[in-house]
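The values are calculated or read from the model by the stated rules, or taken from the named source; none is laboratory data. Note that this is a predicted model, so its numbers are computed, not measured. Note that each Cβ is placed from the backbone with ideal geometry, even for glycine, and that neighbours are counted across all protein chains shown.
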């Protein structure tokens, strides 16, 4: 095995670990957003009609924050890392939903997938570092 192949394998593992950390942080932020929405609903500030919309907002916010972490930790391939963090968030939400409620996901899962991917993509597009210009002496 050549040295380049070993380095590529290490890069892939590093990218996967960064995407997982981004997804875990995204899940934490999403849960905090959903808890805040639940508090708003219980206080009467929000109606029950906005439950699905607040879940989508929580997914976008969580995927954005988690995607930013993944992009910053990886340093390159910003859009791919942001999308990967959003996908990890969706898979974690899907796993928690199936494990907690013992039911198959319904048609609203597509909205959660799109929200997670859009939040991650936004993080990837906004988290990209500009190239440094070389200074002449």
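In this structure, residue 127 qualifies as modelled with pLDDT under 90 and under 24 Å from residue 21 (Cβ atoms). Do the conditions hold for residue 27, that is, is it touching a helix residue (DSSP H, G or I) at 6+ places or on another chain (Cβ under 7 Å) and in contact (Cβ under 8 Å) with a residue 60 or more places away in the chain? Considered against the rule, which asks whether it is touching a helix residue (DSSP H, G or I) at 6+ places or on another chain (Cβ under 7 Å) and in contact (Cβ under 8 Å) with a residue 60 or more places away in the chain, residue 27 comes out as yes. Scanning the range 50-75 for residues that are farther than 18 Å from residue 33 by Cα and surrounded by 14 or more Cβ atoms within 10 Å (Cβ to Cβ) turns up 70, 71, 72, 73, 74. One residue stands out in the range 76-109 among those that are free of Cβ contacts under 8 Å to residues at least 24 places away in the same chain and farther than 21 Å from residue 31 by Cβ: the one that is surrounded by the most Cβ atoms within 10 Å (Cβ to Cβ), namely 76.
Here residue 34 passes the criteria (1) out of contact with any helix residue (DSSP H, G or I) (no Cβ under 6 Å at 6 or more places or on another chain); (2) without any contact (Cβ under 8 Å) to a residue 60 or more places away in the chain; (3) over 16 Å from residue 117 (Cβ atoms); (4) assigned to a helix (DSSP H, G or I) except the one numbered (1). Can you confirm whether residue 12 is free of Cβ contacts under 8 Å to residues at least 40 places away in the same chain and either in a helix (DSSP H, G or I) or touching a helix residue (DSSP H, G or I) at 6+ places or on another chain (Cβ under 6 Å) (or both)? The answer is yes for residue 12.
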